[in-house]
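What follows is a set of notes on a single structure, which appears directly below.
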Amino acid sequence: MLPESLRGWSRSQRHAVIASYLGWTLDAFDFFLLVFVIVDVAEEFGASIEAVTWAVTLTLALRPVGALIFGRLADRYGRRPVLMIDVLAYSILGFVTAFSPNLMIFIIIRALFGIAMGGEWGVGASLTMESIPAKSRGMVSGILQAGYPTGYLLAAIVYGLLYEYIGWRGMFMVGILPALLVLYIRQFVHESPGWRREHAGASRIVDILRRHWTLTVYAVLFMMCMAFFSHGTQDLYPTFLKVDRGLDPRTIGAIAVVYNLGGILGGIVFGAWSQKIGRRNALIIGAVGALAVLPFWTMAHNVVILAGAAFLMQFTAHGCWGVVPAHLNEISPPEARGTFPGFVYQLGNLLASGNATLQAGLATSFGGYAPALMIVAAGAGIGVALLSFFGREAREIDMALASESQAPKE
């Protein structure tokens, strides 16, 4: 039996949620393929692991560019057509990664992929949150953000089952499959009711950010901590399992499946919970919970304990992320909801884009990845808890109304 928050939807509302969820899932799938093969790419091109992590860094660093470009296009031309263009772009770039002849070309392609990746979240989240009833936002926020660990989960399955047969290049070739999502969006998804053609492009993003500068600064810092929280607990964890614990690809893939199931469940649970207890309270509980798991997550040697701790880490960390789509869209200026959430999200990613390189450098200094992962994750969790405590929320705002009067007060 469906929960109350998911009842009474129209067919177009269901399709909007499905499309946005799949868009973020497949975007994350293409991104996380790399984290499983960093060591292999380094060996192929005769480079260090730290050098290869620049591909991750630049992917994250260029996501704000994509958020700005695709977000402004979505505010001007509508969420639906821009979402289709974006999905097609990141699918093609994920596929051509497989044909990189050297490390430089590999890094350039992944940087371009970052632009396309940066556009999907903001456009998909605004399409979803503007389409569904206000009572459903918490649950749907968790479902939507669960697409990220779902994508990681799919990448883990591909790595665990196919890597030994297709190699790292074959894994990226699989990245063309998300392009099929464009056909679904074209056939079944309607334009967001919150988008108004007469308001399209009415305000320059610079003017909007200037008018809401305190909100912008807060949101960027919050998303920086969230980005460190996410990438600091995910990107180099397979490398930690391979290098520090000496585990084989199948075991690493199995553990990754376990912790991504935790992320999916956590996003949905905390997203739904935030509808009852508030976005800020849910964020604080998730961040504190992750801090409690840290020692078991990095210091254990037993495979079962590692898998269990990794499950709990992603349950709590992605529990926080399950709140983010609703929270950011609710506090955003209505006239730039296609741009603002994705842009501040990706600016936060820009500030945290050096995570993989930072953790690789710390691992070299400390002689292992365990302390590097713990330091970054702890700092990020504390930051999320504090910024959530001093932050704001606008749970009941009507996002179908594109007027200044509906904007949350600063």
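The values are calculated or read from the model by the stated rules, or taken from the named source; none is laboratory data. What you see is a predicted model; the values in this text were computed from it and never measured. Backbone-built Cβ (ideal geometry, glycine too); neighbour counts: all protein chains shown. Just the protein is used for accessible areas: all its heavy atoms, side chains included, with ligands, DNA and RNA removed. Shrake-Rupley method; radii C 1.70, N 1.55, O 1.52, S 1.80 Å.
Of all residues in the stretch 247-284, those satisfying the criterion of being under 30 Å from Leu161 (Cα atoms) and open to solvent by less than 10 Å² (accessible area, probe 1.4 Å) are Ile252, Gly253, Ile255, Ala256, Tyr259, Asn260, Gly262, Gly263, Gly266, Gly267.
Counting the residues of the stretch 171-186 that are touching a Leu at 6+ places or on another chain (Cβ under 8 Å) and either closer than 26 Å to Val35 by Cβ or crowded, with 21+ Cβ neighbours inside 10 Å (or both) gives 10.
Based on this model, can you work out whether Val384 counts as of a type outside the set (Gly, Ala, Ser) and either within 22 Å of Ile264 (Cβ to Cβ) or surrounded by fewer than 24 Cβ atoms within 10 Å (Cβ to Cβ) (or both)? When the stated conditions are applied, Val384 passes them.
Of Pro133, Pro101, all but one fail to be without any contact (Cβ under 8 Å) to a residue 12 or more places away in the chain and either of a type in the set (Val, Ile, Thr) or open to solvent by 30 Å² or more (accessible area, probe 1.4 Å) (or both); the exception is Pro101.
Of the residues Ala336, Ala360, the single one that is over 27 Å from Arg76 (Cβ atoms) and not hydroxyl-bearing (Ser, Thr, Tyr) is Ala360.
Assess whether Asp40 counts as being within 18 Å of the chain's Cα centre (by Cα), among the acidic types (Asp, Glu) and assigned to a helix (DSSP H, G or I).
Working: within 18 Å of the chain's Cα centre (by Cα): no; among the acidic types (Asp, Glu): yes; assigned to a helix (DSSP H, G or I): yes.
No: the conditions fail for Asp40.
Identification of helices (runs of 4 or more DSSP H) wholly contained in the stretch 56-152 with 2 or more residues that are over 24 Å from Gln314 (Cα atoms) and under 16 Å from the mean Cα position of the chain (by Cα) yields 63-77, 79-96, 103-131.
Picking from Ala287, Ala300, Ala309, which residue would you name as being touching a helix residue (DSSP H, G or I) at 6+ places or on another chain (Cβ under 6 Å) and surrounded by 24 or more Cβ atoms within 10 Å (Cβ to Cβ)?
Details: Ala300 fails: surrounded by 24 or more Cβ atoms within 10 Å (Cβ to Cβ); Ala309 fails: surrounded by 24 or more Cβ atoms within 10 Å (Cβ to Cβ).
One residue alone meets the criteria, Ala287.
For Tyr165, the criteria (1) under 18 Å from Phe31 (Cβ atoms); (2) surrounded by fewer than 17 Cβ atoms within 10 Å (Cβ to Cβ); (3) not β-branched (Val, Ile, Thr) hold in every case but one, which is (1). Taking every residue in the stretch 4-24 that is in contact (Cβ under 8 Å) with a residue 12 or more places away in the chain and closer than 12 Å to Ile185 by Cβ and pairing it with any residue that is assigned to a helix (DSSP H, G or I) and acidic (Asp, Glu), at least 6 positions away or on another chain, the pairs with Cβ-Cβ distances below 7 Å are Gly23/Glu120. Of the residues in the stretch 74-83, not one is within 18 Å of Ser230 (Cβ to Cβ), touching a residue at least 12 places away in the same chain (Cβ under 8 Å) and open to solvent by 10 Å² or more (accessible area, probe 1.4 Å). Among the residues of the stretch 362-380, those identified as touching a Gly at 6+ places or on another chain (Cβ under 9 Å) and either open to solvent by less than 20 Å² (accessible area, probe 1.4 Å) or of a type in the set (S, T, N, Q) (or both) are Ala372, Leu373, Val376, Ala377, Ala380. Only one of the numbered conditions (1) under 19 Å from Ser12 (Cα atoms); (2) touching a Ser or Thr at 6+ places or on another chain (Cβ under 8 Å) is not met by Val82, and that is (2). All conditions but one from (1) closer than 19 Å to Met223 by Cβ; (2) open to solvent by 10 Å² or more (accessible area, probe 1.4 Å) apply to Asn355; the one that does not is (2).
Could you tell me whether any residue of the stretch 199-214 is open to solvent by less than 10 Å² (accessible area, probe 1.4 Å), under 18 Å from Tyr90 (Cβ atoms) and either modelled with pLDDT under 85 or part of a helix (DSSP H, G or I) (or both)? Write out each step before concluding.
Of all residues in the stretch 199-214, those open to solvent by less than 10 Å² (accessible area, probe 1.4 Å) come to 208.
Narrowing the set further to residues that are under 18 Å from Tyr90 (Cβ atoms) leaves none.
No, because not a single residue in the stretch 199-214 is open to solvent by less than 10 Å² (accessible area, probe 1.4 Å), under 18 Å from Tyr90 (Cβ atoms) and either modelled with pLDDT under 85 or part of a helix (DSSP H, G or I) (or both).
Residues in the stretch 9-68 that are touching a Lys or Arg at 6+ places or on another chain (Cβ under 9 Å), open to solvent by 40 Å² or more (accessible area, probe 1.4 Å) and under 21 Å from Ala146 (Cα atoms): there are none.
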